[in-house]
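Here's a structure for you.
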Amino acid sequence: MRILLAEDERDLNRIITQKLKSEGYSVDSCLDGEDAISCLDAASYDGAVLDIMMPGADGFQVLEHIRKNGNTMPVLFLTARDSIDDRVRGLDSGANDYLVKPFSFEELMARIRAMTRTPFGMADNRLTVGDLIMDCSAHTVTRGGTDIQLSAREYALLEYLMRNQGIVLSREKIEDHIWNFDYEGGTNVVDVYIRYLRKKIDEGHAGKLIHTVRGSGYVIKVEK
């Protein structure tokens, strides 16, 4: 999943970015509200973590930009402003969650998982396609009860496919969600990682889950 982080404290920005990436997220990070708005205009995100007190445009202005364009993606305010009035204003402005600094990184990750599963109709942090199960809290994947070891990028790609079970995703859409603006790899990166996943997910199983839709992209589903 692709996350936008807007936090003007450089060290905190760097640490949160590293933590998100270690959890398998693709992250675009910026230090002010104007850059956040530019990122939002250039890419599609599954969620945003916004500081409120930022130069250029504050968190409320960034959130207003998100919502006025009809974007319903989940947004979490991460801020030192801890009064009840601030929390009420943040939530009433359209934020999905509000976390006060200082905070625990474990709680931040749990809140991001919670807010990003809602648009996909997930009741918990488990994704299932046939006998393939991904536990997003434990960061584990099994098929038929057998553990599958995935790299962070493989995990992110599989999660995106599973969250969109039965939906054909184009190579462009996959690349846009899994690789951020910093990526400078080859043009066939999606095909390469799909091959990696097929080897780990489908090899040795009679029922294949990852399918190519010629001329359109890829889909994960159980064939009937």
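The values are calculated or read from the model by the stated rules, or taken from the named source; none is laboratory data. All of these numbers come straight from a predicted model, not from anything done at the bench. Every residue, glycine as well, gets a Cβ built from its backbone with ideal geometry; the counts of neighbours run over all protein chains shown.
Regarding residue 89, is this residue over 23 Å from residue 159 (Cβ atoms) and basic (Lys, Arg)?
Here the answer is yes, as residue 89 does meet what is asked.
Considering 138, 152, which residue is outside the structural domain of residue 11 (by TED's automatic domain parsing) and closer than 25 Å to residue 11 by Cβ?
152
Can you name every residue in the range 91-106 that is part of a helix (DSSP H, G or I) and within 18 Å of residue 9 (Cβ to Cβ)?
Once the filter is applied, which keeps residues that are part of a helix (DSSP H, G or I) and within 18 Å of residue 9 (Cβ to Cβ), the range 91-106 yields only 105.
Still on this structure: At pLDDT below 90 and closer than 24 Å to residue 52 by Cα: is that true of residue 95 in this structure?
Numbers: at pLDDT below 90: no; closer than 24 Å to residue 52 by Cα: yes.
Here the answer is no, as residue 95 does not meet what is asked.
Going by the structure shown, is residue 28 within 25 Å of residue 174 (Cα to Cα), in contact with a strand residue (DSSP E or B) (Cβ under 7 Å, 6 or more places away or on another chain) and crowded, with 19+ Cβ neighbours inside 10 Å?
Answer is yes for this residue.
State all residues of the range 132-142 that are touching a residue at least 24 places away in the same chain (Cβ under 8 Å), surrounded by fewer than 20 Cβ atoms within 10 Å (Cβ to Cβ) and of a type outside the set (Ser, Thr, Tyr); if no residue qualifies, say none.
Passing the criteria: only 139.
Quick one: count up the residues across the range 1-23 that are within 12 Å of the chain's Cα centre (by Cα) and outside any helix (DSSP H, G or I).
6
Are there any pairs with C-beta distances below 6 angstrom linking a residue in the range 79-97 that is within 13 Å of residue 59 (Cα to Cα) and assigned by TED's automatic domain parsing to the domain that holds residue 116 to a residue that is surrounded by 12 or more Cβ atoms within 10 Å (Cβ to Cβ) and at pLDDT below 85, with the two at least 6 apart or on different chains, and if so which?
Hits for this filter: zero, empty list.
Do the conditions hold for residue 36, that is, is it over 19 Å from the mean Cα position of the chain (by Cα), farther than 28 Å from residue 139 by Cα and either assigned to a helix (DSSP H, G or I) or not β-branched (Val, Ile, Thr) (or both)?
In short, no.
Out of the residues in the range 66-90 that are farther than 24 Å from residue 44 by Cβ and among the aliphatic types (A, V, I, L, M), state the one that is farthest from the chain's Cα centre (by Cα).
This residue is 84.
Quick test of your reading of the structure: residue 133 fulfils all but one of (1) in a strand (DSSP E or B); (2) at pLDDT below 90; (3) of a type outside the set (S, T, N, Q). Name the failing condition by number.
Unmet for residue 133, out of (1) in a strand (DSSP E or B); (2) at pLDDT below 90; (3) of a type outside the set (S, T, N, Q): (2).
Name, by its number, the condition in (1) touching a Leu at 6+ places or on another chain (Cβ under 6 Å); (2) within 30 Å of residue 165 (Cα to Cα); (3) of a type in the set (Ser, Thr, Tyr) that does not hold for residue 116.
Result: residue 116 fails condition (1) only.
So, one more: (1) farther than 15 Å from residue 93 by Cβ; (2) touching a residue at least 40 places away in the same chain (Cβ under 8 Å); (3) surrounded by fewer than 15 Cβ atoms within 10 Å (Cβ to Cβ): which one isn't true of residue 5, the others all being true?
Unmet for residue 5, out of (1) farther than 15 Å from residue 93 by Cβ; (2) touching a residue at least 40 places away in the same chain (Cβ under 8 Å); (3) surrounded by fewer than 15 Cβ atoms within 10 Å (Cβ to Cβ): (3).
What is the one condition in (1) in a helix (DSSP H, G or I); (2) over 21 Å from the mean Cα position of the chain (by Cα) that residue 207 does not satisfy?
Against the list (1) in a helix (DSSP H, G or I); (2) over 21 Å from the mean Cα position of the chain (by Cα), residue 207 comes up short only on (1).
When you scan the range 167-180, do you find a residue that is farther than 29 Å from residue 12 by Cα, of a type outside the set (Val, Ile, Thr), outside the structural domain of residue 28 (by TED's automatic domain parsing) and modelled with pLDDT of 90 or more, even just one?
The first filter runs over the range 167-180 and keeps only residues farther than 29 Å from residue 12 by Cα, leaving 167-173.
Now drop any that are not of a type outside the set (Val, Ile, Thr), which leaves 169-173.
Imposing the further condition that a residue be outside the structural domain of residue 28 (by TED's automatic domain parsing) reduces the set to 169-173.
After this cut, where a residue has to be modelled with pLDDT of 90 or more as well, the list is 169-170.
The answer is yes, given that some residue of the range 167-180 is farther than 29 Å from residue 12 by Cα, of a type outside the set (Val, Ile, Thr), outside the structural domain of residue 28 (by TED's automatic domain parsing) and modelled with pLDDT of 90 or more.
Which of the following residues is in contact (Cβ under 8 Å) with a residue 40 or more places away in the chain, part of a helix (DSSP H, G or I) and of a type in the set (A, V, I, L, M): 109, 73, 53?
Just a single option satisfies the conditions, and that option is 109.
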